[in-house]
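> Got a structure for you, written out below as structure tokens; questions coming shortly.
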């Protein structure tokens with residue numbers, strides 16, 4: 001898991017914070033803090049409310065793009081990463097179904113491809129696309145469960161590698177794998193299940 005420096009405040013058991021109903025009823029919530037003694041419970045509650053969405057967004061970016069989200073003061077980088085994470089996370093392109101045993105060229109617009117190969121089909125080569133965005137994922141899933149079908153050899157674009165490998169065999173029989181592009185010509189297999 002990638003490092004995320006944005007963490008929520010006062011989330012431990014017994015945290016010194018107000019309940020939501022009590023906090024919302026405080027007059028100071030509408031008018032703001034005035035000079036005088038600080039109310040630690042008020043401060044802790046406010047900081048927790050402000051830090052939770054920030055921490056959630058940072059974790060979403062990290063999970064979606066597979067990158068560290070550091071507290072480095074780089075606002076434009078954070079905005080770029082958030083934009084990329086939303087773009088990757090919103091990929092809802094319908095799957096397409098492939099029944100042949102020839103070469104499969106995965107398209108940049110693909111999100112998930114169903115492999116519905118029947119008994120006796122030959123080996124298949126699936127070529128991952130050139131030009132993938134950082135964090136972009138592609139899922140290949142066997143939907144038939146055909147024990148007679150040969151594995152699928154997944155190949156990255158020329159000059160790229162899959163976590164140090166030139167190719168990877170995807171065993172079929174109702175299994176699937178997600179391939180993610182990390183930039184710098186490097187791909188990973190996010191899961192075979």
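We did not get these values from a lab; they are worked out from the coordinates using the rules stated. The shown structure was predicted, so the numbers you read here are calculated from the model rather than taken from an experiment. Neighbour counts are summed over all protein chains in view; Cβ atoms, including those assigned to glycine, are modelled from backbone coordinates with ideal geometry.
> Indicate the gyration tensor shape class of the range 20-89 (rounded, prolate or oblate), computed on the Cα atoms with a ≥ b ≥ c the square roots of the eigenvalues: a/c under 1.5 is rounded; otherwise a/b larger than b/c is prolate and the rest oblate.
prolate
> Follow-up. Mean-square fluctuation check for the chain, GNM, Cα pairs under 10 Å: which of 18, 111, 181 is largest?
Fluctuation is largest for 18.
> Follow-up question, since we're still on this one. Mind checking which of 19, 153, 54 has the largest fluctuation in a GNM of the chain, springs on alpha carbons under 10 Å?
19
> What is the order of 34, 3, fewest Cβ neighbours within 10 Å to most?
Neighbour counts put them in this order, fewest first: 34, 3.
> May I pose another question? Tell me the label only: which of (1) 145; (2) 109; (3) 169 is volume of the Cα convex hull per residue in Å³ as calculated from this structure?
For volume of the Cα convex hull per residue in Å³, the calculated option is (3).
> Something else now. Taking neighbour counts of Cβ atoms within 10 Å as a proxy for exposure, in what order, fewest first, do 47, 187 appear?
Sorted ascending by nearby Cβ count, the order is 47, 187.
> In what order do 98, 33 fall by count of nearby beta-carbon atoms within 10 Å, going from fewest to most?
33, 98
> Something else about it: Averaging the inverse of every distinct alpha carbon separation and then flipping it gives the Kirkwood radius. What is it for the range 27-68, in angstrom units?
Hydrodynamic radius (Kirkwood, Cα only) of the range 27-68 equals 12.4 Å.
> Also, quick follow-up: Pick from 39, 150, 142: which residue has the top mean-square fluctuation in a GNM of the chain where Cα pairs under 10 Å get a spring?
Largest GNM mean-square fluctuation: 39.
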